[in-house]
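**Student:** Mind looking over this structure? Questions follow.
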Amino acid sequence: MNMDLSRRQFLGTAGAGLAGGALGAFGFGEIEAAFADSIRPFKLVNTTETRNTCPYCSVACGVIMYSKGDLKKGEPAEIIHIEGDVDHPTNRGTLCPKGAALLDFVKAETRLRYPMVRRPGSDKFERISWEQALDRIARLMKDDRDANFIAANADGVTVNRWTTTGFLAASATTNETAFATYKVVRSAGMVVFDNQARV
Amino acid sequence: MTNSWTDIRNTDLVVIMGGNAAEAHPCGFKWVTEAKANRGAKLIVVDPRYTRSAAVSDVYAPIRQGADIAFLLGVIRYCIENDKVQWDYVKAFTNAAYIVKDGFAFEDGLFTGYDEKKRDYDKSTWDYVIGADGYAVVDNSLENPRCVWNLLKEHVSVYTPEMVERVCGTPKAKFLKIAEMIAECSSPTKTMTSMYALGWTQHSKGSQNIRAMAMLQLILGNIGVRGGGMNALRGHSNIQGLTDVGLMSNLIPGYMNLPTEKEVDFDAYMKTRGFKPLRPGQTSYWQNYKKFFVSFLKSMYGAAATPANHFAYDWLPKLDVPFYDVLRAFELMHQGKMTGYFCQGFNPLQSFPNRKKISDSLSKLKFLVVMDPLDTETARFWEKHGDINDVDPAKIATEVYQLPSTCFAEDDGSLTNSGRWLQWHWAGGTAPAEAKRDTWILAQLHLRLKQLYREEGGAFADPILNLEWPYADPGDPTAEEIAKEINGKALGVVKDPADPTKVLVEAGKLVPSFAALRDDGSTACGCWIYSGCFNENGNNMARRDTTDPDNTGAYLKWAFAWPVNRRILYNRASADINGKAWDPSRKLIEWDGAKWSGYDVPDIAPTAKPNEVGPFIMNPEGVSRLFVRGMMRDGPFPAHYEPFESPVINPVSPRMQSNPVARIFQDDLRQFAKAGSTEFPFAATSYRLTEHFHYWTKHVRVNAVLQPEFFVEISEELAALRKIKLGGWVRVWSKRGSVRAKAVVTKRIRPLICDGKAVHIVGIPLHWGFTGVAKEGFGPNALTPFVGDANIETPEYKAFLVNIEPIDWPEA
Ligand code: SF4
């Protein structure tokens, strides 16, 4: 019999309440079975596993996220545990002090929840709806673009650039977000455009 | 990285200089440990601090920050002097034999052609002699005194071990020990890897730091081989990707360039991009530039990009200055020349130099939009937080929008790691409350802008109205849809140019790779170097097969690496001139008489004969460059210059203290401390801690507990000199600002003797601010100077001058 149970298989089986029987079948005595029965149910039973990578540094360690609820089935999903992905060739399951605490990042108190506006001269943020915020930002963009867009330079060369509004792109968003950002920013003629490569 | 994290297992010698992998990239550093344990590899660490990387090194040497070029050119000089050169590699695979134009010279710290007023060079002499046949003239005997090799020899001759000690403060014996260990890797069967990060880039000559090491690696024959390479460890998880996809002022995805005003039309733009080979029979792969460029324009403007309008070339903005980088952006803002600014997952108030200037600049904006999963200081730059953010909200008229975005756990898509692996990840959790994906936010803004232009008209709106937007739900594009756009597809039928009866890609299908791209408008591709990432085989970035034949560390079936799933760049150079592996135990690809094959995707045409086609296929020379012609602003060879704020006068060229072509704005010049300043006598540097990631993890309880508060790190000697106690409060100030911190007095930093003078170092970690769950604290950017690297404008965070004194401060 192959007793080479991985930690995850072992705990999974134990937590599912099959511990006594399964362990008995493997030849463990009753004491061990009773002990296994006394272990509190494993918290990752009945969770959904999702593969991801650590968002911090560019080692890009593989992680497994465990959630209650399955996003793919259209359910709300709450992530309850994150650990290193043992199958990942780079990190082979290990995580550093940053990656090991990822759950606290996902659930940080200071995660943003609602769009906010701070009006000129004010000393506080106020809630605003997405519709209102997006409408207003688009208006601000258009007004500035219309006022300051440079269609041609002094020599009459078509230059089609907009230098008075700029965009600082993230460096932890996906390549897909990056390309969408590129399209939106460049099509508007923006040239004040940079990312975090330098800092 | 030219190589990958998992390839580091193949090395014999690791040099960590300009980085601190054990703390900043801990799980990648494990491959150093593997190489040490399994191959007996050695580790050298050169750093101003005795870091945790240094703690497990075989040899550690201290160095003054900003002196790396002197050190590296010293090693190159040592290798040349002692004939520790991989000669077959250097002769066949570098431009050592190329003859340089008469007139090119280096004197008094300057190359030929300097214009002091413009702070720029006329680079016309920095080039090869071109023969009557149109090719570069070479002297394979290396006897011609004007060949690159002899010019290099002369250029590095001043960097003697004594000079290295004077400049770097590295004791001569230590330097020689390290030079000797490195020189051993000139053997074809020994390789060294270079691991570096921001410790090399964040200098006014950062690009040349890296070049100096790249040159050394070429001389040792370590580029393109297993366990070798130039390995930029990089910072954020997708900084490689953001750069690849061209999110910079002057870039087009895939390292193409946005036009400048001088390139008045499509033909003028293409004229300088012919990339004619400089030696007979060479690949010069950039000859395909037009295919990639036109395919990019088709991905932007779809059917509106036609041969008649030169594929909408005019719709791309044209630049009037080389870059609108972040430093220029904030300079313009400071001058009141900007209206609005977007910060997507970015915290410039904490990240950019001269914090006071950043804060003043943001205050001059009409509007600021912050998209972030976390509450950032930038979004609250107008909020008063004691002496840490000392502003008056009533006086700040900026309208600020803070938009909640999802984090990694709630988003699908790919990130590119430093080893160029595009790895797909999946959302597993529901986003909090109203947080939205960035793609949704951007789509919403674009659609609104488009709507406004449709309704109202306004400044030239064609590019906005005609932007290709082919998503099933235009308001919410999916990651898969965009990934396919990036990969590229055939718009018409793509036929084999050699045999027009053969169809390579049917219309409407995803292209297998960039080899199928065309310059006639029949293909579209968002980012050519990523092509192949999501083709008709499916999402290759999501592959999870860990097969790795013979444990080379290539993992060809895991995710997707650009370009075309190649894991080690320039891998043709892993084999000798005849195509046999330099080191049979570290075979990568070999020539079997008819084709190239092996453990990696060959970085050469599969049937290109080894004696004819050089391994550096992107270069028109077909070889690599020890002399880089006019491609870098500050010289075809690196030279030592002091940081803009330095404790000493440049010992190598006293008449040229700092990088002669680094861009400086007038207002900032006044805010630099003089060389050898008594007012600011100490050499400061910024760094990161293993428990924190930038300004994110102060929001994370575990990390906030591990490293709760801001501190500065000084030596016992400096503590004694200034009567500073361990754990006591200090004030540290520069010509631009002041911070308050607890003092950590350690043995990890020691004073160095540079040019006969004791140089004390002040280490300043950067993880605190006034949002999150850690204690409120300052950061080094309150102190750092507003000057960047001469080539790419990376700010000089790693070397500046400060003063320090003990202060009384009540405990909170
Ligand atoms: S776990 Fe640590 S080493 Fe791995 S990617 Fe995250 S921050 Fe980098």
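The values are calculated or read from the model by the stated rules, or taken from the named source; none is laboratory data. Keep in mind the model is a prediction, meaning the values are calculated, not measured. Methodologically, a virtual Cβ is constructed for each residue, glycine included, from the backbone with ideal geometry; neighbour enumeration extends over all protein chains shown. Quick note on the areas: whole protein, heavy atoms, side chains included, nothing else; ligands and nucleic acids left out. Shrake-Rupley method; radii C 1.70, N 1.55, O 1.52, S 1.80 Å.
**Student:** Would you pick out the residues in segment B:377-413 that are charged (D, E, K, R), assigned to a helix (DSSP H, G or I) and surrounded by fewer than 21 Cβ atoms within 10 Å (Cβ to Cβ)?
**Tutor:** B:Lys395
**Student:** So B:Phe346 passes all but one of these: (1) out of contact with any Leu (no Cβ under 8 Å at 6 or more places or on another chain); (2) in a loop (DSSP other than H, G, I, E, B); (3) buried (at least 24 other Cβ atoms within 10 Å of the Cβ). Which condition number does it fail?
**Tutor:** (1)
**Student:** I've got another one for you. Quick check on my filter: what residues within segment A:152-185 are within 22 Å of B:Pro477 (Cβ to Cβ) and more than 7 Å from chain B (Cβ to nearest Cβ)?
**Tutor:** Within segment A:152-185, just A:Val185 meets the criteria.
**Student:** Then there is this: Filter segment B:240-276 down to the residues that are within 14 Å of chain A (Cβ to nearest Cβ), open to solvent by 10 Å² or more (accessible area, probe 1.4 Å) and not in a helix (DSSP H, G or I) and list them by number.
**Tutor:** B:Met248, B:Asn250, B:Leu251, B:Tyr255, B:Asn257, B:Thr260, B:Glu261, B:Lys262, B:Glu263, B:Val264, B:Asp265
**Student:** Still on this model: Would you pick out the residues in segment B:291-331 that are open to solvent by less than 10 Å² (accessible area, probe 1.4 Å), modelled with pLDDT of 95 or more, under 30 Å from B:Gln202 (Cβ atoms) and assigned to a helix (DSSP H, G or I)?
**Tutor:** B:Ala329, B:Phe330
**Student:** Moving to a separate point now. With B:Ala515, B:Ala507 as the choices, which residue is assigned to a loop (DSSP other than H, G, I, E, B) and either touching a Pro at 6+ places or on another chain (Cβ under 6 Å) or surrounded by fewer than 16 Cβ atoms within 10 Å (Cβ to Cβ) (or both)?
**Tutor:** B:Ala507
**Student:** Same structure, new question: Of the residues B:Arg279, B:Arg234, B:Arg226, which is assigned to a loop (DSSP other than H, G, I, E, B), within 9 Å of chain A (Cβ to nearest Cβ) and over 30 Å from A:Gly156 (Cα atoms)?
**Tutor:** Details: B:Arg279 fails: within 9 Å of chain A (Cβ to nearest Cβ); B:Arg226 fails: within 9 Å of chain A (Cβ to nearest Cβ).
On inspection, the qualifying residue turns out to be B:Arg234.
**Student:** Also, I was wondering about something else. Which residues, counting only those in segment B:332-347, are at pLDDT 95 or above, over 13 Å from A:Val192 (Cβ atoms) and facing chain A (nearest Cβ under 7 Å)?
**Tutor:** Result: B:Gln344, single match.
**Student:** I would also like to ask the following. Out of all the residues in segment B:554-605, which are small (Gly, Ala, Ser) and open to solvent by less than 30 Å² (accessible area, probe 1.4 Å)?
**Tutor:** Answer for segment B:554-605, where residues must be small (Gly, Ala, Ser) and open to solvent by less than 30 Å² (accessible area, probe 1.4 Å): B:Ala554, B:Ala559, B:Ala561, B:Ala573, B:Ser574, B:Ala575, B:Gly579, B:Ala581.
**Student:** Out of segment A:85-94, which residues are more than 7 Å from chain B (Cβ to nearest Cβ) and either open to solvent by 30 Å² or more (accessible area, probe 1.4 Å) or near the ligand (Cβ under 8 Å from one of its atoms) (or both)?
**Tutor:** A:Val86, A:Arg92, listed by residue number.
**Student:** Among the candidates B:Ala22, B:Ala35, B:Ala54, B:Ala92, single out the residue that is within 25 Å of B:Val164 (Cα to Cα) and outside any strand (DSSP E or B). Break it down into steps so the answer makes sense when it comes.
**Tutor:** Values: B:Ala22 fails: within 25 Å of B:Val164 (Cα to Cα); B:Ala35 fails: within 25 Å of B:Val164 (Cα to Cα); B:Ala92 fails: within 25 Å of B:Val164 (Cα to Cα).
Answer to the check: B:Ala54.
**Student:** Restricting attention to segment B:762-801, report how many residues are surrounded by 24 or more Cβ atoms within 10 Å (Cβ to Cβ) and outside any loop (DSSP other than H, G, I, E, B).
**Tutor:** 8
**Student:** Which count do you get for residues in segment B:106-134 that are open to solvent by less than 40 Å² (accessible area, probe 1.4 Å), among the hydrophobic types (A, V, I, L, M, F, W, C) and part of a loop (DSSP other than H, G, I, E, B)?
**Tutor:** Going through segment B:106-134 one residue at a time, the tally reaches 1.
**Student:** Also, quick follow-up: Taking the criterion of being more than 23 Å from B:Val156 (Cβ to Cβ), among the aliphatic types (A, V, I, L, M) and in a loop (DSSP other than H, G, I, E, B), would at least one residue in segment B:209-223 satisfy it? Spell out the reasoning first.
**Tutor:** So in segment B:209-223, the residues more than 23 Å from B:Val156 (Cβ to Cβ) come out as none.
Checking segment B:209-223: not a single residue is more than 23 Å from B:Val156 (Cβ to Cβ), among the aliphatic types (A, V, I, L, M) and in a loop (DSSP other than H, G, I, E, B).
**Student:** Out of segment A:95-118, which residues are surrounded by 18 or more Cβ atoms within 10 Å (Cβ to Cβ) and of a type in the set (D, E, K, R)?
**Tutor:** Correct list: A:Lys98, A:Asp104, A:Arg111, A:Arg118.
**Student:** While we're looking at this one, here's another question. Can you name the residue in segment B:24-55 that is basic (Lys, Arg) and away from the ligand (no atom under 16 Å from the Cβ) and is also nearest to the chain's Cα centre (by Cα) among such residues?
**Tutor:** Among residues in segment B:24-55 that are basic (Lys, Arg) and away from the ligand (no atom under 16 Å from the Cβ), the one nearest to the chain's Cα centre (by Cα) is B:Arg49.
**Student:** Further question on the same structure: Conditions first: (1) without any contact (Cβ under 8 Å) to a residue 40 or more places away in the chain; (2) assigned to a strand (DSSP E or B); (3) more than 12 Å from B:Pro780 (Cα to Cα). B:Gly727 passes all but one, so which condition is the exception?
**Tutor:** The single condition B:Gly727 does not satisfy is (2).
**Student:** Which of the following residues is acidic (Asp, Glu), surrounded by 20 or more Cβ atoms within 10 Å (Cβ to Cβ) and away from the ligand (no atom under 16 Å from the Cβ): B:Asp68, B:Asp88, B:Asp83, B:Asp58?
**Tutor:** Testing whether each residue is acidic (Asp, Glu), surrounded by 20 or more Cβ atoms within 10 Å (Cβ to Cβ) and away from the ligand (no atom under 16 Å from the Cβ) leaves just B:Asp68.
**Student:** Checking the condition under 15 Å from B:Pro806 (Cα atoms) and open to solvent by 30 Å² or more (accessible area, probe 1.4 Å), which residue from B:Glu709, B:Glu717 passes?
**Tutor:** It is B:Glu717.
**Student:** Find all pairs meeting these conditions: Cβ atoms under 9 angstrom apart; at least six residues apart or on different chains; first residue within segment B:406-421 and farther than 21 Å from A:Tyr66 by Cα; second residue among the basic types (Lys, Arg) and open to solvent by 10 Å² or more (accessible area, probe 1.4 Å).
**Tutor:** Taking only residues 6 or more apart or on different chains, the pairs are B:Asn417/B:Arg234; B:Ser418/B:Arg234; B:Arg420/B:Arg566.
**Student:** Further, regarding this structure: Could you list, in sequence order, all residues of segment A:57-84 that are crowded, with 24+ Cβ neighbours inside 10 Å and within 11 Å of the ligand (Cβ to nearest atom)?
**Tutor:** Across segment A:57-84, the qualifying residues are A:Cys57, A:Ser58, A:Val59, A:Ala60, A:Cys61, A:Gly62, A:Val63, A:Ile82.
**Student:** Out of the residues in segment B:435-461 meeting the condition of being at the interface with chain A (Cβ under 9 Å from one of its Cβ atoms) and of a type in the set (Asp, Glu), tell me which one is nearest to A:Phe167 (Cα to Cα).
**Tutor:** By that ranking, first place goes to B:Asp438.
**Student:** While we're here: Quick check, is A:Arg51 within 14 Å of chain B (Cβ to nearest Cβ) and either within 16 Å of the ligand (Cβ to nearest atom) or at pLDDT below 80 (or both)?
**Tutor:** The answer is yes for A:Arg51.
**Student:** A further question follows. Is it the case, given these coordinates, that A:Leu18 is surrounded by 15 or more Cβ atoms within 10 Å (Cβ to Cβ) and modelled with pLDDT under 95?
**Tutor:** Taking the combined requirement at face value, the residue does not satisfy it.
**Student:** If I go through segment B:185-232 residue by residue, how many of them are open to solvent by less than 10 Å² (accessible area, probe 1.4 Å) and among the hydroxyl-bearing types (Ser, Thr, Tyr)?
**Tutor:** 4
**Student:** Just to be sure before I move on: is B:Pro171 within 29 Å of the chain's Cα centre (by Cα) and open to solvent by 30 Å² or more (accessible area, probe 1.4 Å) in the structure I sent?
**Tutor:** For B:Pro171, the condition - within 29 Å of the chain's Cα centre (by Cα) and open to solvent by 30 Å² or more (accessible area, probe 1.4 Å) - is not met.
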